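Below is one structure, written out as structure tokens; the observations come after it.
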Amino acid sequence: MRAKQQRLYINIDHVATLRQARRGDEPDPVAAATLCERAGADGITAHLREDRRHIQDSDIERLKKSVTTFFNLEMACVAEMLELARRLKPQQVTLVPERREEITTEGGLDIVSEPERIQNAVDALSGAGIRVSLFIDPTRAAVEQSKKLGVPAIELHTGRYSHDPANAAAVDALRDAARLGADLGIAVHAGHGLNLQNVGMVAAIPEIEELNIGHSIVSRAVFVGLERAVREMKEAMDAARSS
Ligand code: PXP
């Protein structure tokens, strides 16, 4: 059976990182989101971090108004962010762990040892009509716990694979977690560290419906432009699915 087409959501934080280098207006991540959509992105992802190092609150407000595909807000599971999400109502929130000193999101949410905090957040967001996804490590325990928390979607952290694509155990973990998630009726997304060279293996996993990719696309855009960088990634994903 041929796998369904996979969605590509572009994380535009990295455009905001460049803007914040000068604390000015350019490049504008909201304009970048529009270009990504024009080039075939199926959705836009932005991470509002507690330290506001790249995306700002006003970007989220503007994205909410301008994104015409699907808007996925990544955020930590803290009161300030929950309040903001309930006010701005993105279509989806992906809950991610966050430590101020980290350079990027380094591991999945710890949903096994602190389920109550996550459950309260899931309930509050779902109650506001927001679809909730949890960014988790690709382990059976985390997938099973996600099922208990009642979320409709999970995003598997692909970092271990993307840092070492030859690591067969990392590949197996992603395949196994994706299959389990689908068997449990959870929509499976994936992302982190994916680029044109390593995306094929993840894109070929039939249960993975959506990829969230940021850094490599924005980096490639510096040389070839954003629209071409998005199109190249979609082509690489489609090729992996049809081979
Ligand atoms: N998914 C999540 C939950 C993330 O936190 C990130 C990093 O911002 C990504 C996907 C995208 O990772 P990258 O920028 O390495 O493509």
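The values are calculated or read from the model by the stated rules, or taken from the named source; none is laboratory data. A quick note: this is a predicted structure, and the numbers were derived from the prediction, not measured. Heads up, the Cβs are rebuilt from the backbone with ideal geometry, glycines too, and the neighbour counts pull from every protein chain shown.
Structure values in brief
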| item | result |
| --- | --- |
| Failed item, numbered, when Ala239 is tested on (1) without any contact (Cβ under 8 Å) to a residue 40 or more places away in the chain; (2) under 25 Å from Leu95 (Cβ atoms) | (2) |
| Test result for Leu35, in contact with a helix residue (DSSP H, G or I) (Cβ under 7 Å, 6 or more places away or on another chain), surrounded by 23 or more Cβ atoms within 10 Å (Cβ to Cβ) and either touching a residue at least 40 places away in the same chain (Cβ under 8 Å) or part of a helix (DSSP H, G or I) (or both) | no |
| Segment 161-174, residues that are away from the ligand (no atom under 16 Å from the Cβ) and of a type outside the set (A, V, I, L, M) | Asn167, Asp172 |
| Candidates Val122, Val93 - the one that is modelled with pLDDT of 95 or more, in contact with a Leu (Cβ under 6 Å, 6 or more places away or on another chain) and more than 29 Å from Glu26 (Cα to Cα) | Val122 |
| Subset of segment 70-83 (residues that are without any contact (Cβ under 8 Å) to a residue 40 or more places away in the chain and either surrounded by 19 or more Cβ atoms within 10 Å (Cβ to Cβ) or within 12 Å of the ligand (Cβ to nearest atom) (or both)) | Phe71, Leu73, Met75, Ala76, Met81 |
| Filter result (touching a helix residue (DSSP H, G or I) at 6+ places or on another chain (Cβ under 7 Å), outside any helix (DSSP H, G or I) and crowded, with 18+ Cβ neighbours inside 10 Å) within segment 5-26 | Gln6, Leu8, Ile10, Ile12 |
| Leading residue by the ranking (nearest to Gly191 (Cα to Cα)) among those in segment 138-160 that are hydroxyl-bearing (Ser, Thr, Tyr) and more than 12 Å from the ligand (Cβ to nearest atom) | Thr139 |
| Restricting segment 190-218 to residues that are more than 10 Å from the ligand (Cβ to nearest atom) and either without any contact (Cβ under 8 Å) to a residue 40 or more places away in the chain or among the aromatic types (Phe, Trp, Tyr) (or both), the residue that is surrounded by the most Cβ atoms within 10 Å (Cβ to Cβ) | Ile205 |
| Filter result (touching a Pro at 6+ places or on another chain (Cβ under 8 Å) and more than 16 Å from Leu211 (Cβ to Cβ)) within segment 4-36 | Val15, Ala16, Leu18, Arg19 |
| Any hit, segment 49-56, residues being assigned to a loop (DSSP other than H, G, I, E, B), of a type in the set (S, T, N, Q) and surrounded by 14 or more Cβ atoms within 10 Å (Cβ to Cβ) | yes |
